[in-house]
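What follows is a single structure, written as structure tokens, with notes after it.
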Amino acid sequence: MRVVMPKICIIGAGFAGLRAARHFEQLGLDYLILEGSDRVGGRVYPFEYQNGYLHHGAEYVNGLDNEIYGIVEKFDLLDKVQSRTKDLWMLDEEGIVVVDGEKVEEEKLKIFRGFVTSLNELLYLKSQEPNQDSSVEEQIEENLQKFLSTIPPEDHNLFKQLCGIYKNYFQVEWSSPIHELSLFNLSTWDDGTDDEDSAVLNELGFQKILEEFQSKIPKEKIRLNSPVTNIASDDVTVTLESGEVLKFDVILLTCSLGYLKAHMKTLFTPELPRGKVEAIEQMGFGNNLKVFLEYESIWWPKEMSTIMICSEEKNFMVFQPSSWAENILVCWIAGNGPKQIASLSDAQLKTLLDNHLARHLKAICHGEPSKRIFRKNWMTDRFACGSYSYITPGQSGPQVIQTIGEPIWRAGR
């Protein structure tokens, strides 16, 4: 009896789509990747700079026992100077912390670091409690009030502002406004290690990882600039923006949750089941981005790991030197920041960040104006529509994720 191999369509050439293609290639299955943009990689987005690559998207590697880290080891991609970095960067003693233009005393920072260390452990323990539906912000505020009752009143404002750094950490890590981030998210995170740190890569970084993923996939199996406008489940067809209709046996959709949220009403024929629509609506999908500031030469202390600025402008708190490009300072922007700067030109944003650094660091060091900036706003990217998904307060995380991932069968199957 002759076995007819199914013809598979993979929509999206991000890492999920590329990984699926590699698997199908190993099995000898017939597949085609349709990618709406002009490149592969999705939210892995390296761009050339000097003798290496900077990254608009992913640049650190979590865990050790996984395929990505295996590629890191295969090609010797770990940074030679610092191969690991703490996830809780606000605990780093090499950081500069400024509140309202004044450098915070080391004694106060020790107290703050102790508070954050204890609170971080408490949050992870509390996240594992059954029926936990509070937000991370609610839990931080509750414990902050307890902490403030143990210190002099004249220090309350300082530690409230410092706690803003800890809140910002969650916004950057999870791409979520802090009040929308369910505490349950913390219990879902497991990279297979006990250490809260990540691998730092060299100047090739994710560019080499992306090349390795793509190298196993024949070029003719990837069609770029092929946006899909409709997926018909009854006859298993996809319609492209060009009007072309393609027939398959199986369709694997790997688009971002943000794109799904924006287009689910028109992308599917017939419309998605109500339960799946509700699950998509309940999941959060947020924004974060990096702005790379390029300088003629470094003006910050060479051993400095992070600049943390607490001020009335809460969206520009964290600046870190590039791990390999010495003249690059990276501003991490999350929360409402991506929306705030979306309408600014590069020149306007450059001036805004230059002035911000100069105003708040003038008592510590003389910051030079940047030469130019590089950025990618994932929120306004047509196919990404944001950065990462997260579970919002009050929803059943595992059930919602399972519902979104369940297959849709065509009529009669």
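Rule-based calculations on the coordinates, nothing more; no lab input. Just so it is clear, the structure is predicted and the values come from calculations on it, not from any experiment. In this analysis, Cβ positions are derived from the backbone assuming ideal geometry, glycine residues included, and neighbour counts consider all displayed protein chains.
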Once amide H atoms are built 1.01 Å from N in the peptide plane, which residues 5 or more positions from residue 95, or in another chain, come under 5 Å H to H? 305, 306
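Would you work out the charge dipole size for the stretch 1-141 about its Cα centre, treating the Cβ of every Lys and Arg as +1 and the Cβ of every Asp and Glu as -1, and quote it to the nearest 20 debye?
Here the stretch 1-141 has a charge dipole of around 880 debye.
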Roughly what % antiparallel, to the nearest 5, for the DSSP beta bridges in the stretch 169-290? 80 percent
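Above 17 angstrom, tally the Cα pairs of the stretch 1-101 and express them as a % of all pairs, no decimals.
Details: 3558 of 5050 pairs.
Result: 70 percent of Cα pairs exceed 17 Å.
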Taking the dipole of the chain about the Cα centre (Lys, Arg +1; Asp, Glu -1; charges at Cβ), the one of 232, 213, 111 that reaches farthest to the positive side is 232
Given charges at Cβ of Lys, Arg, Asp, Glu: the chain dipole, positive-most of 329, 388, 352: 388
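What is the fewest-to-most order of 308, 283, 264, 5 by other Cβ atoms lying within 10 Å of their Cβ? Can you show the working numbers first?
Details: 308 23, 283 20, 264 15, 5 11.
The fewest-first ordering by Cβ neighbours comes to 5, 264, 283, 308.
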In the list (i) 26.4; (ii) 23.3; (iii) 21.8, the entry giving Kirkwood radius over Cα pairs in Å computed from the coordinates is (ii)
Per DSSP, the loop-located chymotrypsin sites (Phe, Trp or Tyr not before Pro) within the stretch 33-97 having at most 11 other beta carbons within 10 Å are none
Gaussian network model of the chain, Cα within-10 Å springs - most flexible of 36, 17, 114: 114
Only helices counted: for the chain, with every DSSP H run of 4 or more residues adding -39500 (n - 2.57) and the sum spread over all residues, [θ] at 222 nm is -10500 deg cm²/dmol
Just rank 332, 300, fewest to most, by other beta-carbon atoms within 10 angstrom. 300, 332
How about the stretch 130-219: which GluC sites (Glu not before Pro) there lie in a loop by DSSP and see at most 15 other Cβ atoms within 10 Å? 196
So for the stretch 204-300, using the alpha carbon gyration tensor with a ≥ b ≥ c as root eigenvalues (a/c under 1.5 gives rounded; past that, a/b versus b/c decides prolate or oblate), I'd call it oblate
Return the lysines within reach of residue 376: Cα separation strictly under 19 angstrom, same-chain partners fewer than 8 residues apart disregarded; answer none if there are no such residues. 290, 339, 350
Treat every Asp and Glu Cβ in the chain as -1 and every Lys and Arg Cβ as +1, leave all other atoms uncharged, and give the resulting dipole magnitude about the Cα centre to the nearest 20 debye. 1400 debye
Picking from 188, 260, 283, whose Cα lies most toward the positive end of the charge dipole for the stretch 183-291 (charges on Cβ: Lys, Arg +1; Asp, Glu -1)? 260
For the chain, give the share of DSSP beta bridges that are antiparallel, in percent and rounded to the nearest 5; count only bridges with both residues there. 70 percent
Starting from the stretch 258-343, pick out the GluC sites (Glu not before Pro) whose DSSP state is loop and whose Cβ has at most 11 other Cβ atoms within 10 Å. 296, 303, 312
Residues other than residue 376 with Cβ under 10 Å of its Cβ, Lys/Arg counted +1 and Asp/Glu -1, net out at +2
